[in-house]
1. Sort through CYS51, CYS57 and tell me the only one that's assigned to a loop (DSSP other than H, G, I, E, B) and surrounded by 16 or more Cβ atoms within 10 Å (Cβ to Cβ).
2. Would you check which residues across segment 25-44 are among the acidic types (Asp, Glu) and part of a helix (DSSP H, G or I) and list them?
3. Can you pull out every residue in segment 42-61 that is out of contact with any strand residue (DSSP E or B) (no Cβ under 7 Å at 6 or more places or on another chain), at pLDDT below 95 and small (Gly, Ala, Ser)?
4. Could you check THR118 against (1) surrounded by 18 or more Cβ atoms within 10 Å (Cβ to Cβ); (2) at pLDDT below 90; (3) in a loop (DSSP other than H, G, I, E, B) and say which number it fails?
5. Let me confirm something: among ILE85, ILE22, which residue is of a type in the set (Val, Ile, Thr), surrounded by 13 or more Cβ atoms within 10 Å (Cβ to Cβ) and not in a helix (DSSP H, G or I)?
6. Test of understanding: among SER56, SER96, which residue is of a type in the set (Ser, Thr, Tyr) and over 16 Å from the mean Cα position of the chain (by Cα)?
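The values are calculated or read from the model by the stated rules, or taken from the named source; none is laboratory data. This one's a predicted model, so the numbers in the text were calculated from it and none came from an experiment. With ideal geometry, Cβ positions are generated from the backbone for all residues, glycine too; neighbour counts draw on all protein chains shown.
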Amino acid sequence: MKPLKRVLILTASPRKNGNSTILALKAAEGVKAGGGEADVVPIGNLKIAPCNACDSCLTKPEAGCVIKDDMQPLYQKIKDAQGIIFATPVYWFNVSAQMKLFIDRAYAIHGKGYYAFTGKDVGVILTYEDEDVFASGGSMHCALSRIYVLMSKPISWERSTVAQIRREMFKPTENYYKKPMI
């Protein structure tokens, strides 16, 4: 029998029943329907301080992050999860501030050749107001490809490799603006 898949679903809307949260709950239903375990964590409601760049997590990795707040229990959840889904509204062409804090603080889980999400399946749920994803969150291409490159797949930093990942992950529709994607 195949072991159950454990998926951590992080909702980062500051609104209790925001659109990204509603979609995240639907994703959790799908995980459960597929025989997996879904742990939905509303990080938009947690008190997570910004990283203070002290690098204690580098000098003493066994001690972890020195900031004691609501992020501490999430470190073990990240380690235990086989997959992670980031669900966030797009605010000013980026992830919400709550999601950005989480991503920055995930820096505390790393080592030689791996990052917090290395080897995990990673999914993203974005909600935005505009009818055209490229008008509302077009610059998310850069942010999401960085999440993919930096955290999920440790690969070389050659510009051509990053550009190739962007082309593979984000193929524009025929109606996409004729501007080059950076």
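1. On the way: CYS57 fails: assigned to a loop (DSSP other than H, G, I, E, B).
From the options CYS51, CYS57, the qualifying one is CYS51.
2. Let us first name the residues in segment 25-44 that are among the acidic types (Asp, Glu), namely 29, 37, 39.
GLU29 - this is the single residue of segment 25-44 that is among the acidic types (Asp, Glu) and part of a helix (DSSP H, G or I).
3. If the condition is that a residue be out of contact with any strand residue (DSSP E or B) (no Cβ under 7 Å at 6 or more places or on another chain), at pLDDT below 95 and small (Gly, Ala, Ser), then ALA53, SER56 are the ones that fit.
4. Unmet condition: (1).
5. Details: ILE22 fails: not in a helix (DSSP H, G or I).
Matching residue, one of ILE85, ILE22: ILE85.
6. One residue alone meets the criteria, SER56.
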